[in-house]
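Values in this text are rule-based calculations from the coordinates and carry no lab data. This is a predicted model, so every value here is computed, not measured. Ideal geometry is used to build each Cβ from the backbone, glycine not excepted, and the neighbour counts take in all protein chains shown.
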Amino acid sequence: MVEPKMLLRPTIADVAGRAGVSIATVSRVINQTGPVAEETAAQVRAAIAELKYVPHAAARGLASRRTQTLGLLLPGISDQFSAAMLRGIEMGAREGGYDLLIHSTHSEGGSGPSSRRRLGEHNTDGLLVFIDSLDEAELTRLYHLGFPMVLLHRSSPASLHIPCVTFENKSGSRKLIDHLIEAHGRQRIAFLRGPEGNEDSYWREMGYREALAAHNLPFDSALIALGGFDQEQARSSVETWLGQGVEIDAIFSGDDEAGIGALVALQRAGKRVPEDIALVGFDDVDVSRYLTPPLTTVRAPIEQAGREAARKLVQLIKSGQTAPLVLLPTELVIRRSCGCG
């Protein structure tokens, strides 16, 4: 005897296709988690009726549940940048009436199935995602669920429309290199790149390259090395340059953490900063002003970015809408490490 075929139940994707809208829009109509134009909502309801679609009770209950908690995914909180960002996020979450749940992916070696299960639609009302702490596949899955997310220092994948908060990196680094060239006559300016794929580092390098081109200085790949936004990596790279006898009269360390490592390498080698080699950073973390010499850098509103991201996420949870991009301005901070003072 042949068992009768089970009828396939229509899915939320079937409803979206019939109505001509996204899965996220269908989810908002079903769960009433965000505003949808009445005409669009009517199309969705009609498609649901035509297909006889019945939302899974457990999934619907999950989607409508409120935890009053924001989730934050980040690689780690061991440096001054992360600590400042976290202060801002905590403040923004508290102002919105939300608790904050944090998961560091550092021990897992980045994003992956393990990190994806820690925070998400099952235990938070929305996620803040710092740089690459969640992979694109999981971002896509959550986006199509209509789950609120805001990205920090990372652009939304092209096929998605996830809000992002970041700094004006390119103009900040452009001003920094312009200053080294125009005020101090530096012409062999080395650059320590951030981690592979880091967008802040990419735009800082674009500012560096633009400043060189504007002053008719050639780009030299021998003056580029990995700093990794990390003290030890930057120290190692600078030691390699010095050991190879690369001609350098200034170093842009990429960020202040790398700047500390670069300063250690220069001082161990007997190089005077700034007399022999000028040194500049980016971010203006607290320790930068207390180095010897104090570090010329670009002040980035780290804490403000965290606070703004939390505010945007709360707004997205409550209204379903927020600005797609917040680009916060940066400011040149002149101290002695460049040769001033």
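A few notes on this one:
- Its alpha carbons give region 197-322 an Rg and a Dmax of 17.4, 58 Å.
- Taking the square roots of five times each eigenvalue of the Cα gyration tensor of region 86-229, the equivalent ellipsoid has semi-axes of 37, 16, 14 Å, listed largest first.
- Taking a ≥ b ≥ c as the square roots of the Cα gyration tensor eigenvalues, region 166-269 comes out oblate, since a/c reaches at least 1.5 and a/b does not exceed b/c.
- Region 252-292 - Rg and Dmax from Cα coordinates, angstrom: 9.6, 26
- Rounded to the nearest 0.05, the FRET efficiency derived from the C-beta distance between A183 and S78 at R0 = 25 Å is 0.15.
- Residues I189, I248, I224, arranged from fewest to most other Cβ atoms within 10 angstrom of their Cβ, appear as I224, I248, I189.
- Residues H215 and A323, FRET efficiency given R0 of 41 Å [Cβ-Cβ distance, rounded to 0.05]: 0.70
- The slack between K52 and T11, meaning 0.36 nm per residue of separation minus the straight C-alpha distance, is 13.8 nm.
- Residues with amide H under 5 Å from that of V326, placed H, sequence gap 5 or more: C164, V165, T166
- Of all beta bridges that DSSP places with both ends in the chain, some 10 percent have antiparallel geometry.
- Sorted ascending by nearby beta carbons within 10 Å, beginning with the fewest, Y208, Y98 become Y98, Y208.
- Taking the helices alone, the chain has a mean residue ellipticity at 222 nm of -13500 deg cm²/dmol, built from -39,500 (n - 2.57) per DSSP H run of at least 4 residues and averaged over all its residues.
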